[in-house]
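Student: Below is a structure I'd like to ask you about.
Values in this text are rule-based calculations from the coordinates and carry no lab data. All of these numbers come straight from a predicted model, not from anything done at the bench. Don't worry about glycine lacking a Cβ; one is built from the backbone with ideal geometry, like all the others, and counts go over all protein chains shown.
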Amino acid sequence: MSSYNTKQGEALYIIILRDPRANEILKTWATQNKQEVHLANNKMSLYSQNSFDLFQVTWTGTWHNLTIWDSWNRRHIYLD
């Protein structure tokens, strides 16, 4: 089962969702995809490249209200 509050080193990616239900939506995604993440309000930290790749493939929400931060390269990632 996914652990929503356990940090496993530095996050590779931080997904920021601008939505009043952001925490609930991100938690649902993590549960359905069996991913260990850290959730804080509207932010979800991903700790592996595989988790980020899975997010890109399985995200069914709109991309327009998402911001993705690449922690290692210190830049935003823009997806369409």
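Student: Per-residue HN-Hα couplings for region 47-58, Karplus 6.51 cos²θ - 1.76 cosθ + 1.60 at θ = phi - 60°, whole Hz, x for Gly and Pro?
Tutor: Result, ordered by residue: 10, 8, 5, 4, 5, 5, 4, 4, 4, 4, 7, 9 Hz.
Student: Net charge near Ile25, counting Lys/Arg +1 and Asp/Glu -1 over other residues with Cβ under 15 Å of its Cβ? If you can, show how the numbers build up before the last one.
Tutor: Numbers: positive: Arg18, Arg21, Lys27, Lys43; negative: Asp19, Glu24.
Surrounding charge for Ile25 is +2.
Student: Moving on. If I model a spin label as a point 7 Å beyond the Cα along the Cα-Cβ vector, how far apart are those points for Thr28 and Asn41 in nm?
Tutor: 2.2 nm
Student: Taking K and R as +1 and D and E as -1, what net charge do the other residues with C-beta under 13 Å from the C-beta of Leu54 add up to?
Tutor: Working: positive: Lys34; negative: Glu36, Asp53.
That works out to -1.
Student: A further question on this structure: Which net charge results when you count Lys and Arg as +1 and Asp and Glu as -1 among the other residues whose beta-carbon is under 13 Å from that of Gln35?
Tutor: Details: positive: Lys27, Lys34; negative: Glu36, Asp53.
For residues surrounding Gln35, the net value is 0.
Student: Sort largest first and round to whole Å: the equivalent ellipsoid semi-axes of the chain, each the square root of five times a Cα gyration tensor eigenvalue. If you can, show how the numbers build up before the last one.
Tutor: On the way: eigenvalues 52, 48, 29 Å².
Taking √(5λ) for each Cα gyration eigenvalue gives 16, 16, 12 Å.
Student: What is the extension gain from Leu79 to Ile14, computed as 0.36 nm multiplied by their sequence separation minus the C-alpha to C-alpha distance, in nm to one decimal? Intermediate values should be presented prior to the final figure.
Tutor: Numbers: separation 65, 0.36 × 65 = 23.40 nm, distance 1.39 nm.
Between Leu79 and Ile14, full extension yields an extra 22.0 nm.
Student: Suppose only helical runs count, i.e. DSSP H with n ≥ 4. What mean residue ellipticity at 222 nm does that imply for the chain under -39500 (n - 2.57) per run, divided by all residues and rounded to the nearest 500 deg cm²/dmol? Mind dumping the intermediate values first?
Tutor: Details: 2 runs with 21 residues, N = 80.
Value at 222 nm, helices only: -8000 deg cm²/dmol.
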